[in-house]
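Input: a single structure, listed below in structure tokens.
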Amino acid sequence: MPTLAANGINIYYEDTGSGIPILFLHEFAGDHRSWETQVRYFSRRYRCIVYAARGFPPSDVPQDVSAYSQDIAVDDAKGVLDALNIDKAHICGLSMGGYASVLFGVKYPERALSLIIGGCGYGSSSKASNWYGELDEIAKAFIEEGMQAKADQYAIGPTRVQLQNKDPRGWEEFRAQFMSHSALGAANTFLGVQKHRPNLLKMEKELSAVQVPSLIILGDEDVPAMEASLFMKQVMPCAALEVLPNSGHAINLEEPDRFNRSLLEFFSAVDGGRWMPRDPRSKGETLIKPIKG
């Protein structure tokens, strides 16, 4: 079982293919296995690295919640690159991983060829208070009731039923993998990472300084990610926004073909030096009156 030492813990990883590297960062309800469809597709052209985040077996599951935070998650991603002697990579994240991706671009822009920011923004909205209230409740349930009881409920949430409807077999696989997670790791991740992550809507200065080519991508039924995704598009100078129709949160599982094609077009533009920053003239709020660039 391949592991590497990064940021004080042992991290399980898989390294497939050769070429320009892509580092995949998984969501809370997934793990390294969530990216299998992407690894099979992109490893024909790229070097694909997936890993299980701290708290997600077979990686270490630190006992204390103080060992978990959004900043630590970003440093873990950098630690994986360091351990594999990778100077720069495309950083591709979904949800929890999407948060780590955009904040990786803020903290370590020199290490990112590009950023994929998928389904990102839970907790960064005008309704964030509801989100934070649920976190304590769910974390407690993971410990007291176990993964299976809570995973069944979590897997049919408002942004998960889309996967169940489109791909029942894929949804069953997603649910089974989620149930195999560590209850302690899940609770500590909620309490240490999600509960204390920064509000993206309050990071305009930091986000506007990110010059890394970025693709923000989400489903049109992933309501908790919409406000922050649109905000990032507005303030990040090198970001584009793609919205997948009739889709929820797990877009890489729901729409793997479209997701993969979108990423391939983006990577090809970036690798070919053809990804351009936004023309400042496009920011005018009138129909025809031009603004100076």
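The values are calculated or read from the model by the stated rules, or taken from the named source; none is laboratory data. Note that the coordinates shown come from a computational prediction; the quantities given were computed from them, not determined experimentally. Note: ideal-geometry Cβ built from the backbone for every residue, glycine included; neighbour counts use all protein chains shown.
Kindly provide the set of residues from segment 52-92 that are among the charged types (D, E, K, R) and part of a loop (DSSP other than H, G, I, E, B), ordered by number. It would help to see each step written out before you state the result.
So in segment 52-92, the residues among the charged types (D, E, K, R) come out as 54, 60, 64, 71, 75-76, 78, 82, 87-88.
Those that are among the charged types (D, E, K, R) and part of a loop (DSSP other than H, G, I, E, B): ARG54, ASP60, ASP64, ASP87, LYS88.
Given the conditions (1) touching a residue at least 24 places away in the same chain (Cβ under 8 Å); (2) more than 21 Å from ARG40 (Cα to Cα), and given that LEU230 satisfies all but one, which numbered condition is not satisfied?
The one condition LEU230 does not meet is (1).
The rows are residues; the columns are (1) under 27 Å from ALA141 (Cα atoms); (2) polar (S, T, N, Q); (3) in contact with a Phe, Trp or Tyr (Cβ under 8 Å, 6 or more places away or on another chain); (4) modelled with pLDDT of 95 or more.
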site: ILE216; (1), (2), (3), (4): no, no, no, yes
site: ALA225; (1), (2), (3), (4): yes, no, yes, yes
site: LYS233; (1), (2), (3), (4): no, no, no, yes
site: ALA239; (1), (2), (3), (4): no, no, no, yes
site: ARG261; (1), (2), (3), (4): no, no, no, yes
site: PHE266; (1), (2), (3), (4): no, no, yes, yes
site: VAL270; (1), (2), (3), (4): no, no, no, yes
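Please enumerate the residues belonging to segment 72-96 that are farther than 13 Å from ALA53 by Cα and either out of contact with any strand residue (DSSP E or B) (no Cβ under 9 Å at 6 or more places or on another chain) or among the charged types (D, E, K, R) (or both).
ASP82, ASN85, ASP87, LYS88, listed by residue number.
Just the residues that are assigned to a helix (DSSP H, G or I) and exposed (fewer than 15 other Cβ atoms within 10 Å of the Cβ), please, taken from segment 116-133.
Kept after step one, since they are assigned to a helix (DSSP H, G or I), are these residues of segment 116-133: 128-133.
If the condition is that a residue be assigned to a helix (DSSP H, G or I) and exposed (fewer than 15 other Cβ atoms within 10 Å of the Cβ), then SER129, ASN130, TYR132, GLY133 are the ones that fit.
Could you please find all residues in segment 246-285 being among the aromatic types (Phe, Trp, Tyr) and in contact with a Ser or Thr (Cβ under 6 Å, 6 or more places away or on another chain)? Reasoning before the result, please.
Keep residues of segment 246-285 that are among the aromatic types (Phe, Trp, Tyr), which gives 259, 266-267, 275.
None - no residue of segment 246-285 is among the aromatic types (Phe, Trp, Tyr) and in contact with a Ser or Thr (Cβ under 6 Å, 6 or more places away or on another chain), so the list stays empty.
Quick one: how many residues across segment 172-188 are out of contact with any Lys or Arg (no Cβ under 8 Å at 6 or more places or on another chain), among the polar types (S, T, N, Q) and part of a helix (DSSP H, G or I)?
Summing the residues that are out of contact with any Lys or Arg (no Cβ under 8 Å at 6 or more places or on another chain), among the polar types (S, T, N, Q) and part of a helix (DSSP H, G or I) in segment 172-188 gives 1.
Could we say that LEU201 is within 30 Å of GLN164 (Cβ to Cβ) and surrounded by fewer than 24 Cβ atoms within 10 Å (Cβ to Cβ) here?
Numbers: within 30 Å of GLN164 (Cβ to Cβ): no; surrounded by fewer than 24 Cβ atoms within 10 Å (Cβ to Cβ): yes.
It is false that LEU201 is within 30 Å of GLN164 (Cβ to Cβ) and surrounded by fewer than 24 Cβ atoms within 10 Å (Cβ to Cβ).
For segment 93-104, what are the residues that are aliphatic (A, V, I, L, M) and part of a helix (DSSP H, G or I)? Steps first, answer last, please.
In the first step, residues of segment 93-104 are kept if they are aliphatic (A, V, I, L, M); the result is 94, 96, 100, 102-103.
Of everything in segment 93-104, those that are aliphatic (A, V, I, L, M) and part of a helix (DSSP H, G or I) turn out to be MET96, ALA100, VAL102, LEU103.
Does segment 259-274 hold any residues that are closer than 18 Å to GLY93 by Cβ and either in contact with a strand residue (DSSP E or B) (Cβ under 9 Å, 6 or more places away or on another chain) or small (Gly, Ala, Ser) (or both), and which are they?
Applying the first criterion (closer than 18 Å to GLY93 by Cβ) to segment 259-274 yields 259-260, 262-264, 266-267, 270.
Of everything in segment 259-274, those that are closer than 18 Å to GLY93 by Cβ and either in contact with a strand residue (DSSP E or B) (Cβ under 9 Å, 6 or more places away or on another chain) or small (Gly, Ala, Ser) (or both) turn out to be PHE259, SER262, LEU263, PHE266, PHE267, VAL270.
Against the definition (touching an Asp or Glu at 6+ places or on another chain (Cβ under 8 Å) and buried (at least 23 other Cβ atoms within 10 Å of the Cβ)), how does LEU113 come out, yes or no?
Working: touching an Asp or Glu at 6+ places or on another chain (Cβ under 8 Å): yes; buried (at least 23 other Cβ atoms within 10 Å of the Cβ): no.
Against the criterion (touching an Asp or Glu at 6+ places or on another chain (Cβ under 8 Å) and buried (at least 23 other Cβ atoms within 10 Å of the Cβ)), LEU113 does not qualify.
Condition first: out of contact with any strand residue (DSSP E or B) (no Cβ under 8 Å at 6 or more places or on another chain) and in a loop (DSSP other than H, G, I, E, B). Now tell me which residues in segment 31-51 satisfy that.
Those that are out of contact with any strand residue (DSSP E or B) (no Cβ under 8 Å at 6 or more places or on another chain) and in a loop (DSSP other than H, G, I, E, B): ASP31, ARG44, ARG45.
Answer yes or no: is there a residue in segment 36-47 that is over 20 Å from VAL212 (Cα atoms) and crowded, with 24+ Cβ neighbours inside 10 Å.
yes
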